[in-house]
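To keep things clear, I will list the structure first and then write my remarks on it.
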Amino acid sequence: MSTHRAVVCRALGLGAGLALERVDSKALMPGQVRIGVEAAGVNFPDMLMVQGLYQLKPPLPFVPGMEAAGRVTEISAGSRFAVGQAVFVMPRTGAFADEIVVAEGLVRPLPEGMSMEEGATFGVAALTAFHALGARGEVRPGQVVLVLGASGGVGAATVQFAKAMGATVIAAASTAEKLAFARAAGADHVVDYQANVLEAEVARITAGKGCDLIIDPVGWDPVGLCRAVAFGGKILIAGFAGGTLPAYPANRLLLKGASLIGVRAGEAGRNDPAARFTEWAALLALAEKSDLRPRVTRRFALADFKQALEALAGRQAIGRMVLTCGS
């Protein structure tokens, strides 16, 4: 039986229970493909999942990793893919490995001109951003969109897609380096929220009107966001990277006529596969038309996966990080 390398989580945490091992390759079942992984994206939920802090809690042991890109190495009968085809895949787990076996429905052809590293870091963040702005936020050209955590994976993708959809984008981040990254991603205005009061800066930039749409993958101060949102605006909750769960004041939402909306892009697709198919087609068309690509800023060997996860835990990541796989 053949084997390959994989990161295996046998005990929750970032310690000895998480290690690179050689594991047996899985047999291919009908409707599945085998992919030789060349790059795996490192996402904030990966870091949470191995610690048991994410909403999805796979039974131990499991291989973490939510997205990857590589080439098809084996197909089942009737497959729509070909051996050697470049693809990207978004499993919920399993991507931190030299190969992965998944259902065909999770696999998509790598867009022309997109590198393996870009493909490995495109899907999760781009889909979350596109779903938030489109299906949940219903953004329109000319609207003002505030993006929290704008230098992170989801934040940077949201900046890019909001601009491509015709919005004016205010990006909020904590350092000069992160603000420069957000500006390069297309933000019209940037706000250093450590040096300034966020809602005051929003009021200044919008001449007191506030933002039509606020995308928060961080878990920002709810009172501040209620002050920053325009009357009739929308606050979209896309995650809690800051580590706290905000409790929103209902009276402030009422006074602003504002909507508080949850964003769960992955779960939305599992609940409505037909809508997800249409959404993916629109997302990829916009990405190709606008030449939108993730910016990979750090690369780690698969054996150095703990360094990548620790960089996320320490809020050191700017843009996207990948693990280079294949052996």
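Out of VAL144, VAL154, VAL202, which single residue is at pLDDT 95 or above and either in contact with a helix residue (DSSP H, G or I) (Cβ under 6 Å, 6 or more places away or on another chain) or among the charged types (D, E, K, R) (or both)?
Selected residue: VAL202, the only one of VAL144, VAL154, VAL202 that is at pLDDT 95 or above and either in contact with a helix residue (DSSP H, G or I) (Cβ under 6 Å, 6 or more places away or on another chain) or among the charged types (D, E, K, R) (or both).
Test VAL154 against the stated conditions and say whether it is crowded, with 24+ Cβ neighbours inside 10 Å and in contact with a Pro (Cβ under 6 Å, 6 or more places away or on another chain).
Yes: the conditions hold for VAL154.
Restricting to the range 213-223, count the residues that are farther than 15 Å from LEU254 by Cα and without any contact (Cβ under 8 Å) to a residue 40 or more places away in the chain.
2
Select the strands (runs of 3 or more DSSP E) contained entirely in the range 9-120, then report the ones holding at least 1 residues which are closer than 25 Å to PHE277 by Cβ.
So the answer is 32-42, 68-75, 86-89, 99-103, 107-109.
What are the pairs, 6+ residues apart or on separate chains, where a residue within the range 118-147 that is touching a residue at least 24 places away in the same chain (Cβ under 8 Å) and at positive phi has its Cβ under 8 Å from a residue that is among the β-branched types (Val, Ile, Thr) and surrounded by fewer than 24 Cβ atoms within 10 Å (Cβ to Cβ)?
GLY142/THR168
Given GLY239, GLY266, which one is buried (at least 17 other Cβ atoms within 10 Å of the Cβ), among the small types (Gly, Ala, Ser) and part of a helix (DSSP H, G or I)?
After ruling out the rest, the residue left standing is GLY266.
Given the structure, is LEU254 among the hydrophobic types (A, V, I, L, M, F, W, C), more than 23 Å from THR168 (Cα to Cα) and in the same structural domain as VAL8 (by TED's automatic domain parsing)?
So LEU254 does not fit the description; no.
Name the single residue, out of those in the range 164-195 being in contact (Cβ under 8 Å) with a residue 60 or more places away in the chain and of a type in the set (D, E, K, R), that is farthest from ILE215 (Cα to Cα).
GLU177
Among (1) farther than 30 Å from ALA311 by Cα; (2) β-branched (Val, Ile, Thr); (3) touching a strand residue (DSSP E or B) at 6+ places or on another chain (Cβ under 6 Å); (4) surrounded by fewer than 21 Cβ atoms within 10 Å (Cβ to Cβ), which single condition is VAL229 missing?
Going through the list (1) farther than 30 Å from ALA311 by Cα; (2) β-branched (Val, Ile, Thr); (3) touching a strand residue (DSSP E or B) at 6+ places or on another chain (Cβ under 6 Å); (4) surrounded by fewer than 21 Cβ atoms within 10 Å (Cβ to Cβ), VAL229 breaks only (4).
Of the numbered conditions (1) of a type in the set (A, V, I, L, M, F, W, C); (2) touching a Pro at 6+ places or on another chain (Cβ under 7 Å); (3) in contact (Cβ under 8 Å) with a residue 60 or more places away in the chain, MET66 satisfies every one except a single condition; which is it?
Going through the list (1) of a type in the set (A, V, I, L, M, F, W, C); (2) touching a Pro at 6+ places or on another chain (Cβ under 7 Å); (3) in contact (Cβ under 8 Å) with a residue 60 or more places away in the chain, MET66 breaks only (3).
Inside the range 269-283, can you point out the residues that are aliphatic (A, V, I, L, M) and farther than 13 Å from VAL124 by Cα?
ALA274, ALA275, ALA281, ALA282 - these are the residues of the range 269-283 that are aliphatic (A, V, I, L, M) and farther than 13 Å from VAL124 by Cα.
Filter the range 290-322 down to the residues that are of a type in the set (D, E, K, R) and in a strand (DSSP E or B) and list them by number.
Within the range 290-322, ARG298, ARG299, ARG320 qualify.
Check whether at least one residue in the range 263-272 is more than 28 Å from MET47 (Cα to Cα), polar (S, T, N, Q) and not assigned by TED's automatic domain parsing to the domain that holds ALA187, and report yes or no.
So far as the range 263-272 goes, no, none of its residues is more than 28 Å from MET47 (Cα to Cα), polar (S, T, N, Q) and not assigned by TED's automatic domain parsing to the domain that holds ALA187.
Based on this model, can you work out whether ALA301 counts as at pLDDT 95 or above, in contact with a strand residue (DSSP E or B) (Cβ under 9 Å, 6 or more places away or on another chain) and of a type outside the set (D, E, K, R)?
yes
Please give the number of the condition GLY41 fails out of (1) under 17 Å from MET321 (Cβ atoms); (2) modelled with pLDDT under 95.
(2)
Answer yes or no: is there a residue in the range 247-265 that is within 21 Å of the chain's Cα centre (by Cα), modelled with pLDDT under 90 and not basic (Lys, Arg).
no
The values are calculated or read from the model by the stated rules, or taken from the named source; none is laboratory data. Bear in mind the structure is a predicted one, so any value in this text is a computation, not a measurement. Quick reminder, even Gly has a Cβ in these numbers, built from the backbone with ideal geometry, and neighbours come from all protein chains shown.
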